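Data first, discussion second: the structure below is written as structure tokens.
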Amino acid sequence: MGRPFVEDFAIERYRKGGSTYYFTQGLGATAASTLSLTALRLYGCPFYVPVTQKFDAIAINVTATGALNAYLGVYADLGSIAPGRLVRDAGAVDITITGVKIIDLTANPIVLDGGQLYWLAICPNGNPTIRATSAGTHLTCFFGLSNSLGTAWSTFCYASGSTPLPDPFPTPITIATGLMPGIFLRKV
């Protein structure tokens with residue numbers, strides 16, 4: 001009997017779940033905290049894709065409202081652990097009302113190539129508070145640890161933004177630590 005290919009193992013893929021499973025940055029990340037966002041700041045959060053996969057929705061969970069809306073999207077990595085070209089500006093969600101905000105992409109899903117690092121992005125016009133992932137679940141393997149080898153020194157980045165999302169991701173980029181905006185993709 002032949003040995004199965006690595007691609008046959010579910011651990012190499014995001015779980016297929018139709019309309020019920022969403023994925024975000026980090027390993028075992030949960031949206032357990034909240035984070036107040038700054039208006040017109042473009043946040044980029046690392047999102048590693050192990051094998052080529054398709055996603056049909058992007059979402060956030062607004063816990064305290066802000067004015068107007070927030071733009072969501074995906075950036076490709078520059079190859080230097082920094083966001084570069086815009087892969088998809090998915091559009092805007094209303095942040096004047098709390099709750100889960102979903103942009104449906106079923107008509108034109110996002111296909112992300114395997115073995116690549118991407119950046120999930122949000123740029124709000126106002127100052128909403130959204131669900132956030134805790135620092136302990138972030139992909140520190142991309143950014144490294146502090147000199148004490150105990151604390152992640154950077155987990156996401158941001159830059160001055162605009163809406164709709166700019167292409168490419170603007171510079172200068174500020175590397176940040178702590179809670180990371182919870183931006184979620186739904187696997188097809």
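A compact table of results
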{"item": "ILE81 paired with THR65, simple spin-label distance in nm, labels 7 Å along Cα-to-beta-carbon", "result": "4.0"}
{"item": "FRET efficiency, THR174 to ASN108 (Cβ-Cβ, R0 30 Å, nearest 0.05)", "result": "0.40"}
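Every number in this text was worked out from the coordinates using simple rules, so none of it is lab data. Predicted model only: the values in this text are computed from it and were never measured. Don't worry about glycine lacking a Cβ; one is built from the backbone with ideal geometry, like all the others, and counts go over all protein chains shown.
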